[in-house]
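The values are calculated or read from the model by the stated rules, or taken from the named source; none is laboratory data. Keep in mind that this is a model prediction, so the values were computed, not measured. Cβ coordinates were reconstructed from backbone atoms using ideal geometry, including for glycine residues, and neighbour counts include every protein chain displayed. Each accessible area value is taken on the protein alone, full model and side chains, heavy atoms only, with ligands, DNA and RNA left out. Shrake-Rupley method; radii C 1.70, N 1.55, O 1.52, S 1.80 Å.
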Amino acid sequence: MEPPENYSTSTSFAVPFEDAQKIILRWDSTASEEARERMIFGGDRQEVDLYLQAVDEIQKSMSSTSISPPSSHHHDQDSNSNKVNSAIQIAMARLEDEFRNILINHTSPVEVDSLFIPDHAPAPASSLNHNTSSVGSSNEFDQEEVGGGNHVDALDPIQRADSSNSSASYRSTSSIREIDLIPQEAVADLQSIAKRMISAGYLRECIQVYGSVRKSAVDASFRRLGIEKLSIGDIQRLEWEALETKIRRWIRAAKVCVRILFASEKKLCEEIFYGIGTAIDDACFMETVKGPVVQLFNFAEAISISRRSPEKMFKILDLHDALMDLLPDIEVVFESKSADSIRVQAAEILSRLAEAARGILSEFESAVLREPSRVPVPGGTIHPLTRYVMNYISLISDYKQTLIELIMSKPSTGSRYSGDPTTPDMEFAELEGKTPLALHLIWIIVILQFNLEGKSKHYKDLSLAHLFIMNNVHYIVQKIKGSPELREMIGDDYLRKLTGKFRQAATSYQRATWVSVLYCLRDEGLHVSGSFSSGVSKSALRERFKTFNAMFEEVHRTQATWLIPDSQLREELRISISEKLIPAYRSFLGRFRSHIESGKHPENYIKYSVEDLESAVLDFFEGYPVSQHLRRRSQ
């Protein structure tokens with residue numbers, strides 16, 4: 001069928017008014033059973049053309065009647081006008097039904113799965129599902145990793161349903177992909193009906209029918225995408241675990257909605273209403289999508305204004321990044337004046353998400369500083385808080401590009417002049433050139449150490465307190481080294497400072513434990529003054545061996561249950577202990593063995609060989625008890 005504008009009532013195909021009126025009345029569904037059961041546009045194309053010509057003739061007659069001059073045949077003129085108006089009303093009602101029927105018959109749910117293709121680029125760690133715990137009691141830090149999962153956000157969909165019947169969009173960005181929602185033949189029929197309805201003054205009816213049918217189609221696509229009709233209140237009442245799943249689904253769906261569904265709905269409106277009026281296509285588009293857009297954006301808005309907590313950080317950043325990525329497409333798809341509110345809402349949500357991320361970081365810092373657990377972790381191992389915080393800031397570093405733009409101010413810290421014992425010192429002069437984000441990460445490490453120092457005081461054994469600090473600061477160092485992004489921001493200077501701190505803690509542990517043990521192996525107090533024979537007090541020597549044995553056994557019994565999780569650090573500390581203990585014992589044994597063995601029951605005093613001690617040291621820091629007595633070599 002040729003476009004309606006190519007028809008002319010002056011051609012040989014023009015329908016006289018009387019015949020046009022009969023055609024209109026024959027298809028009056030209020031007066032004819034046949035007219036109710038059949039659709040004009042579902043049958044013979046010649047019948048379609050004939051009906052449209054009849055409508056054109058009626059509309060022409062209506063125009064002629066309205067502009068004809070007064071005459072003496074006033075009654076006849078009124079009669080003709082009534083006939084024309086009646087015919088127009090019947091025709092418009094019929095065209096409205098036909099318009100609706102064509103839309104419904106050619107509207108089918110979009111196969112959303114076909115709109116996605118895999119992205120072969122590796123997924124960043126930031127796209128993981130972060131099952132984070134909130135900072136509270138130590139029981140809340142029982143997972144090794146803050147984040148984990150197999151979440152991969154939906155990527156830019158670039159497939160089109162049918163590109164053979166339409167050229168590339170004249171306004172497409174690199175990410176917008178318009179698809180043909182309705183076949184081109186049906187679009188031509190819809191356009192021919194829309195032009196006649198609008199020219200007859202039935203614009204509102206045309207827009208309402210169009211919007212009603214197409215909105216139902218969008219709603220069906222929403223359901224397939226998993227977008228639920230939830231109020232902001234409904235969303236905020238959901239548990240965070242359920243929300244995390246919905247956020248991942250929303251990010252996937254939002255990309256399809258903006259770049260494909262909404263863009264394609266806009267394209268369809270432009271095709272059907274092209275040339276009819278500059279704002280009509282936009283009015284139909286907004287009638288169709290405004291409700292669904294509000295429904296879509298309400299979810300992100302609810303998240304942006306929800307109660308802040310550390311575990312929400314990464315999903316909020318995922319939402320922020322997704323919306324930031326979509327903003328240029330939103331500007332294109334919703335470019336009209338009537339869509340101002342949509343563009344403004346998207347920008348406001350983005351701003352609130354950014355503010356939420358800043359607020360969460362600040363609250364996280366405060367929570368780490370104030371984390372209240374007082375029960376010492378057994379064996380001086382890595383505190384759950386340390387694992388949690390370091391995994392958390394490692395994930396923060398994965399979002400470096402986003403957060404560098406969002407975090408513009410330095411952290412609020414203490415200083416050496418503040419005199420506040422509840423807040424650690426941090427001088428920015430030593431960290432000149434660092435970004436505000438890097439300063440925040442260093443500050444978190446500073447307050448973590450400050451908190452750990454406080455927790456170490458709950459150990460009754462000073463040696464164990466030092467081992468606890470060594471373990472935890474070593475873990476901090478290893479986590480920084482294991483993340484290139486985090487290491488770059490923290491910097492090697494501060495990393496060296498941390499390394500020095502855990503080495504100092506190791507030294508302090510050795511002093512606290514082994515100085516008193518090694519003190520037993522000194523010569524002082526064993527020699528009898530003025531004696532020229534042996535010169536050694538056997539009773540003092542026996543007492544010295546007994547004291548050493550008792551002290552070493554106690555250290556061995558106790559420190560075998562202590563734990564150094566890192567095997568390399570554990571081995572290094574054992575070697576360091578052996579390098580001090582074994583030579584000292586070997587030397588002492590070599591000097592005084594004969595004095596004990598020449599007396600009674602030497603085995604009660606020289607209980608262990610050098611090899612026994614070497615073997616015993618290997619039991620240290622394994623985290624479980626050993627047998628009550630040291631393993632002794634057979635004599």
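Expressed as a whole percent, the accessible area of region 19-62 that falls on carbon and sulfur atoms is 49 (1.4 Å probe). Excluding same-chain neighbours fewer than eight residues apart, the lysines reachable from Lys22 by a Cα-Cα span under 18 Å are Lys60, Lys83. Label-to-label distance, Glu571 versus Glu453, with points set 7 angstrom from Cα along the beta-carbon direction: 3.3 nm. Using a cut-off of 26 Å between Cα atoms, the listed pairs Lys501/Lys607; Lys455/Lys479; Lys434/Lys497; Lys400/Lys481 include Lys501/Lys607 as exceeding that distance.
Across all Cα pairs in region 342-464, the calculated P(r) in 10 Å bins from zero up to the longest distance comes to 11, 36, 31, 15, 5, 1, 0 percent per bin. Running Debye on region 242-312 with equal point scatterers at the Cα sites and no solvent, what base-10 log of I(q)/I(0) appears at q = 0.12, 0.13 Å⁻¹? Log10 I(q)/I(0), no solvent term: -0.44, -0.50.
Averaged over its residues, region 265-338 has an accessible area of 33 Å² per residue, based on protein heavy atoms and a 1.4 Å probe.
The Cα center of region 234-312 and the Cα center of region 192-220 differ in position by 22 Å. Straight-line reach from Lys580: taking Cα to Cα under 12 Å and skipping same-chain neighbours fewer than 8 places apart, the aspartates and glutamates in range are Glu614. What is the calculated FRET efficiency for Ser362 to Arg511, with r their C-beta to C-beta distance and R₀ = 51 Å, to the nearest 0.05? Efficiency computed from Cβ-Cβ geometry: 0.85.
Can you give the charge dipole size of region 235-295 about its Cα centre, rounded to the nearest 20 debye, using +1 on the beta carbon of Lys and Arg and -1 on the beta carbon of Asp and Glu?
Charge dipole, region 235-295, about its Cα centre: 340 debye, nearest 20.
Accessible surface calculations at 1.4 Å, restricted to protein heavy atoms, place region 194-233 at 44 Å² per residue.
As a rough guide to protection, the peptides 376-386, 569-579, 462-472, 200-210 ranked by mean Cβ packing within 10 Å, highest first, stand as 462-472, 376-386, 200-210, 569-579.
Here the accessible area of region 502-630 is 52 percent carbon and sulfur, with a 1.4 angstrom probe and all protein chains present.
Once the mean 1/r over all distinct Cα pairs of region 425-566 is inverted, what Kirkwood radius in angstroms do you read off?
That comes to 18.4 Å for region 425-566.
Estimated at 0.36 nm per residue, the fully extended path between Arg237 and Glu622 surpasses their Cα-Cα distance by 134.0 nm.
Given all pairs of different Cα atoms, what value in angstroms does the Kirkwood hydrodynamic radius of region 282-358 take? After inverting the mean inverse Cα-Cα distance, the result is 13.0 Å. Here the convex hull built on the C-alpha positions of region 570-622 has a volume of 63 cubic angstrom per residue.
For Lys600 and Met324 in one chain, what is 0.36 nm times their gap in residues minus the Cα-Cα distance, to one decimal in nm?
90.8 nm
Per-peptide packing, taken as the mean over residues of other Cβ atoms within 10 Å, places 339-348, 241-250, 591-600 in the sequence 241-250, 339-348, 591-600 from highest down. Of the peptides 269-275, 369-375, the order by per-residue mean of other Cβ atoms within 10 Å, starting with the highest, comes out as 269-275, 369-375.
Computed on region 323-408, the Cα convex hull volume stands at 110 Å³ per residue. The label-point distance for Lys546 and Arg204, in a model that sets each label 7 Å from Cα toward Cβ, rounds to 11.1 nm. Could you do me a favour and compute the accessible area per residue for region 488-635, 1.4 Å probe, result in Å²? For region 488-635, the solvent-accessible area averages 55 Å² per residue. For region 277-436, the alpha-carbon coordinates run over 76, 37, 25 Å along the three principal axes, in decreasing order. Compared with the direct C-alpha span, the chain from Ser578 to Arg224 gains 120.7 nm at full extension, assuming 0.36 nm per residue. Spin-label pair Arg496-Arg38: with each label point 7 Å from Cα along the Cα-Cβ axis, the two points sit 9.4 nm from one another. The translational diffusion coefficient of region 399-506, from Stokes-Einstein at 20 °C and 1.002 mPa s with a Kirkwood hydrodynamic radius over alpha carbon pairs, comes to 144 µm²/s.
Applying 1/(1 + (r/R0)^6) with R0 = 51 Å to the Cβ-Cβ distance of Glu185 and Glu348, what FRET efficiency is obtained, to the nearest 0.05? Please report the intermediate quantities before stating the final value.
Working: r = 42 Å, r/R0 = 0.83.
Between Glu185 and Glu348 the formula returns 0.75.
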